[in-house]
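Undergrad: First the structure, which I've put down as structure tokens, then a few questions once you've had a look.
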Amino acid sequence: MEQIFTGLSSLAVVYRRYGAPSEVVEVAREEIPPPGPGEALVAMRRAPIHPADLNTLEGTYGIPREPPAVGGGEGVGVIAKIGDGVEGWRLGQMVRLPPGVGTWREHFVAKASRLRPLPEGLTLDQAAGLTVNPPTAWRMLEDFVSLLPGDWIAQNAANSAVGRCVIQIARHRGWKTLNLVRRPEWVAELEALGADAVLVEDEDLPRRAREAVGGSPIPLALNAVGGESARSLSRILASGGTLVTYGGMSRRPISLGAGPMIFKDLRYRGFWVTRWFQEAPPEKAAAMIEEIAALMRAGKLEIPVARRFPLGEARAAIALAQAGGRRGKVMFAMEA
Ligand SMILES: NC(=O)c1ccc[n+]([C@@H]2O[C@H](COP(=O)([O-])OP(=O)(O)OC[C@H]3O[C@@H](n4cnc5c(N)ncnc54)[C@H](OP(=O)(O)O)[C@@H]3O)[C@@H](O)[C@H]2O)c1
């Protein structure tokens with residue numbers, strides 16, 4: 001018997017103005033029509049809360065998404081219904097929504113041609129976190145400095161999802177990581193993940209860093225914090241080294257001494273994965289995603305989930321995502 005689908009009322013986490021993230025979000029209902037010709041209904045399953053999502057709600061992110069809008073930039077859904085004339089998709093297949101479509105929602109009807117398949121054989125949590133943080137780590141390790149086996153890389157915010165990806169990808173590729181954290185509780189954990197050295201940031205960092213790497217040069221440093229932490233990285237970089245800034249978690253301007261810049265001729269660069277995906281040949285991007293998925297399937301690349309929340313608890317979820325000291329991502333989990 002043919003199922004008659006009349007549309008459905010579906011939850012979404014929306015913001016109607018920019019402001020403090022946990023204050024501006026609200027849980028609303030949106031009416032989802034049945035998929036028309038050429039369209040597919042996606043049932044969202046998991047969507048992380050990233051710092052960039054919070055910046056979007058504040059109105060400070062690189063690509064503004066004007067309110068009213070649904071929050072969230074990354075996530076995994078499954079094909080739940082296929083409209084007439086759509087080929088190449090199957091029910092239950094894992095997909096991601098088109099760029100710019102909020103992911104913190106239960107359902108979305110999209111042109112099938114604008115959906116992107118996600119690799120097979122991943123858990124929902126893995127698929128939901130595949131396309132932003134691991135590629136950021138991958139590209140920063142690949143694109144700025146020609147690293148040789150055994151070379152050292154330094155990074156701050158090493159406990160972040162990107163930082164954990166840097167540690168695991170570097171280990172897989174034969175590079176060594178010197179990791180800066182602001183909390184001692186991460187030292188043993190990141191060492192167990194494969195970090196070669198983990199130091200808690202303090203005034204004495206350059207001396208301890210030199211000791212930790214046994215005097216080896218550090219040609220690449222990755223900065224997601226800014227402020228004094230960026231200065232520490234510039235002080236431990238080798239002559240001619242490159243400092244790549246990709247985040248500003250401390251919300252402080254990058255503080256760089258003139259000395260390291262002059263006497264070591266350092267290179268200061270920036271990286272934004274969104275731009276990389278916009279400019280990269282699609283087959284290069286697809287090949288990287290497949291390599292990352294293979295590492296995840298093999299258990300060599302893991303991003304922990306701190307806690308899963310239903311969409312209805314959006315404010316609590318966002319409050320936890322903003323709190324420091326989390327072990328992993330806060331994730332929205334939609335009902336199956
Ligand atoms: N440019 C790009 O293309 C790109 C792509 C992805 C991510 N990012 C950026 O990368 C950064 C990390 O993202 P993520 O998703 O990996 O983050 P995450 O998993 O949510 O982790 C956040 C990290 O930031 C640290 N942190 C928070 N506030 C801080 C402060 N005031 N000073 C120093 N450290 C602080 C936390 O340290 P504790 O564990 O000690 O609390 C934690 O390690 C963010 O800035 C994000 O916007 C950039």
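Undergrad: Restricting attention to region 306-336, report how many residues are surrounded by fewer than 20 Cβ atoms within 10 Å (Cβ to Cβ) and within 13 Å of the ligand (Cβ to nearest atom).
TA: 10
Undergrad: Only one of Arg231, Arg308, Arg315 is more than 30 Å from Arg207 (Cβ to Cβ) and part of a helix (DSSP H, G or I); which?
TA: Result: Arg315 is the single residue among Arg231, Arg308, Arg315 that is more than 30 Å from Arg207 (Cβ to Cβ) and part of a helix (DSSP H, G or I).
Undergrad: Is there a residue being in the same structural domain as Gly270 (by TED's automatic domain parsing), charged (D, E, K, R), part of a helix (DSSP H, G or I) and modelled with pLDDT of 95 or more anywhere in region 117-130?
TA: no
Undergrad: Starting from residues that are polar (S, T, N, Q) and under 22 Å from the mean Cα position of the chain (by Cα), keep the ones in region 244-272 and report whichever is farthest from Ser229 (Cα to Cα).
TA: Among those that are polar (S, T, N, Q) and under 22 Å from the mean Cα position of the chain (by Cα), it is Thr245.
Undergrad: In addition: Kindly establish whether Gly215 is within 22 Å of Arg267 (Cα to Cα), within 21 Å of the chain's Cα centre (by Cα) and part of a loop (DSSP other than H, G, I, E, B).
TA: Criteria not met by Gly215.
Undergrad: Of these, Glu302, Glu291, which one is more than 15 Å from the ligand (Cβ to nearest atom) and either out of contact with any Pro (no Cβ under 7 Å at 6 or more places or on another chain) or not in a helix (DSSP H, G or I) (or both)?
TA: Glu291
Undergrad: Specify the residue that is surrounded by the fewest Cβ atoms within 10 Å (Cβ to Cβ); the eligible residues are those in region 121-140 that are within 12 Å of the ligand (Cβ to nearest atom) and hydrophobic (A, V, I, L, M, F, W, C).
TA: So, considering only residues that are within 12 Å of the ligand (Cβ to nearest atom) and hydrophobic (A, V, I, L, M, F, W, C), the one surrounded by the fewest Cβ atoms within 10 Å (Cβ to Cβ) is Val132.
Undergrad: Does Arg275 meet the test of being within 13 Å of the ligand (Cβ to nearest atom), without any contact (Cβ under 8 Å) to a residue 12 or more places away in the chain and either in a strand (DSSP E or B) or under 18 Å from the mean Cα position of the chain (by Cα) (or both)?
TA: For Arg275, the condition - within 13 Å of the ligand (Cβ to nearest atom), without any contact (Cβ under 8 Å) to a residue 12 or more places away in the chain and either in a strand (DSSP E or B) or under 18 Å from the mean Cα position of the chain (by Cα) (or both) - is met.
Undergrad: Please verify whether region 141-154 includes one or more residues that are within 16 Å of the ligand (Cβ to nearest atom), in a loop (DSSP other than H, G, I, E, B) and crowded, with 24+ Cβ neighbours inside 10 Å.
TA: There is no residue in region 141-154 that is within 16 Å of the ligand (Cβ to nearest atom), in a loop (DSSP other than H, G, I, E, B) and crowded, with 24+ Cβ neighbours inside 10 Å.
Matching residues to (1) assigned by TED's automatic domain parsing to the domain that holds Ala161; (2) surrounded by 22 or more Cβ atoms within 10 Å (Cβ to Cβ); (3) not in a loop (DSSP other than H, G, I, E, B):
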site: Gly36; (1), (2), (3): no, no, no
site: Val42; (1), (2), (3): no, yes, yes
site: Leu57; (1), (2), (3): no, yes, yes
site: Gly62; (1), (2), (3): no, no, no
site: Val86; (1), (2), (3): no, no, no
site: Thr103; (1), (2), (3): no, yes, no
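Undergrad: Could you say which residue among Gly248, Gly240 is near the ligand (Cβ under 8 Å from one of its atoms) and in contact with a strand residue (DSSP E or B) (Cβ under 8 Å, 6 or more places away or on another chain)?
TA: The match here is Gly248.
The values are calculated or read from the model by the stated rules, or taken from the named source; none is laboratory data. Model, not experiment: these values are computed from the prediction. Neighbour counts are summed over all protein chains in view; Cβ atoms, including those assigned to glycine, are modelled from backbone coordinates with ideal geometry.
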